[in-house]
Each structure stands twice: as C-alpha cells, then as structure tokens.
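Worksheet for the structure shown next.
Every read-out reported here was derived from the displayed coordinates using simple, explicitly stated rules and does not represent laboratory data. Since the structure is predicted, the reported quantities are computational estimates derived from the model, not experimental observations. Heads up, the Cβs are rebuilt from the backbone with ideal geometry, glycines too, and the neighbour counts pull from every protein chain shown.
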Amino acid sequence: MAGIKPANGTLVLTARFERVNPWRPRGKMKAFFDIDTQIDFLFPAGALYGPGAERVIPAVARLNQHAGERGIPLISSTCAHPENAAEFRTWPPHCVVDTVGRRKPQATLLPKRVTILPDKPLNLELGDTQQIIIEKDDLDMFSNPHVLPLLDHLGIDECFVYGVFTEYCVQCALTGLLKSGRRVSLVTEATAHLSDADSERVVNNFIESGGRRVTLADALR
C-alpha cells in the first residue's frame, strides 16, 4: 500500500459506523469538521506524509473560509503529541508539540480561533470565535473529553467532515459523530486517503450506517 504505515506494520481501522448568524448555544446548527490537516500529513517533508495529500488543501481552505463567512462553527482537530507519546509505539513520531510538523497550513486557519486542550477546563465563552482547534494525543478526536459537551452546547446536529486520512482519524470522527446521533456527511473532495480499497471500504461502511457522501458543492450550499 502506498503511503504511511505504522512502525509495527499496516494498521487499518475497521469500526462499523453505527444571512450570517452568531453561534447559538443549544440551537439547531450544522458544523464543519476539519480533521488533522497538519503539515506532517500534508506535505512531502512531513513525518507521516500521505502521497498526494496536499491536493486537498485548496478544498479544505475553501470550506473553512466558507464556514467563517457564514457563521458556521468550524471544529478543527489536530494531533498534538508529547515526545514520548504512546502512539509512537505504533507510528513514527509526528505532530510533536512545538514542532513545525504539527502546525496547520496557513490557508486552513481563520483569524479568530481558540484551542481546546484535553487536560484543561472547557471554556464555553466563545464570543466571536470562528475556528475551534481540538487538540488530541490519539487518532480519535473524541479522546478529547470536551468534544461532546462542546457539540451539545452549540446545538450541532448536522456535521460535514473532511481532512486526513479516511482510514484513520477521519474514520474515528465519522464513527463518533454517528454514535452521538447526529447527521453526518463526508466531503470526499476535501478528504485524502492512503489506499483506494481501504478508503472505499470505510466509506461504504459509513454509508450503510446512515452517513452520506457529498461533494464540495453540496457542502458549500
């Protein structure tokens, strides 16, 4: 398989998927989920680069900018590992805190953003925040215990997901959101994968479990 592999061999997750307004707490709202679009994954010099992954950057940037312009909550997960991360027993070191590789490309960032750390109290006073960065030391953004309380507070019931990589962190996001009872769509034009076959299997399982595959144009409507 072309692309990255964990240190101990190939690991593929196979879970089944069961007018501008301000953000409104506890209302009905859609959100965009930008999953792990970081330098170590997206660029050839990155520690866990997936060949061709850089192709999704323009689509991710367009979606993120659209969210900012339309007042759509934008939730961007990022790996933020310590140097001795448990994950490095499986994967080569990547996205280590305070390194260039863990940063997001500038095109994917909005001016007004906050970061939610897994080990700090959750502050729900978001003001005019445009982008919420969810840090995690795991494949799954739901390993940050503040994700579900945040989504409940914002009243998120419809989720548009994109990023890297379909077989890993994107799949975790899709699974967790579906399990939370929300409507979930995968924006395939803004999502990179490592293996055509593995990605298609993940997407098919996702659709069978109630998810939708949508185009960039669909998400921007």
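Quick notes on this structure:
- For the chain, the Cys residues with no second cysteine's beta carbon closer than 4.7 Å are CYS159, CYS169, CYS172.
- Calculated from backbone phi, Karplus (6.51, -1.76, 1.60) coupling profile of region 77-91 in Hz, x at Gly/Pro: 7, 9, 6, 9, 9, x, 5, 9, 4, 4, 4, 6, 6, 10, 10
- Local net charge near LEU117, Cβ-Cβ under 15 Å (Lys/Arg +1, Asp/Glu -1): -1
- Exposure proxy ranking for GLU167, GLU135, GLU200, based on other Cβ atoms within 10 angstrom of each Cβ and starting from the fewest, stands as GLU200, GLU135, GLU167.
- Hz values of 3J(HN,Hα) by residue in region 119-132 - Karplus curve (6.51, -1.76, 1.60), Gly and Pro given as x: 10, 10, x, 7, 9, 9, 7, 8, x, 9, 4, 9, 9, 10
- Distant-in-sequence amide H partners of ILE133 (H built 1.01 Å from N, under 5 Å): SER76, VAL114, THR115, ILE116
- Between GLU189 and LEU216, the built amide H atoms are under 5 Å apart, and every one of these is 5 or more places off in sequence or on another chain.
- Under 5 Å, built H, 5+ apart or other chain: amide partners of GLY155: ARG26, GLY27
- Within the chain, helix-based [θ] at 222 nm, where runs of 4 or more DSSP H residues each add -39,500 (n - 2.57), nearest 500: -6500 deg cm²/dmol
- When the Cα gyration tensor is reduced to axis lengths a ≥ b ≥ c, the ratio a/c stays below 1.5 for region 30-219, which is therefore classed as rounded.
- You can think of it this way: the chain between LEU148 and ASP119 has 9.0 nm of extra reach, that is 0.36 nm per residue less the Cα-Cα gap.
- Full extension of the segment from ARG212 to ASP128, taken as 0.36 nm per residue of separation minus the current Cα-Cα distance, would add 27.2 nm.
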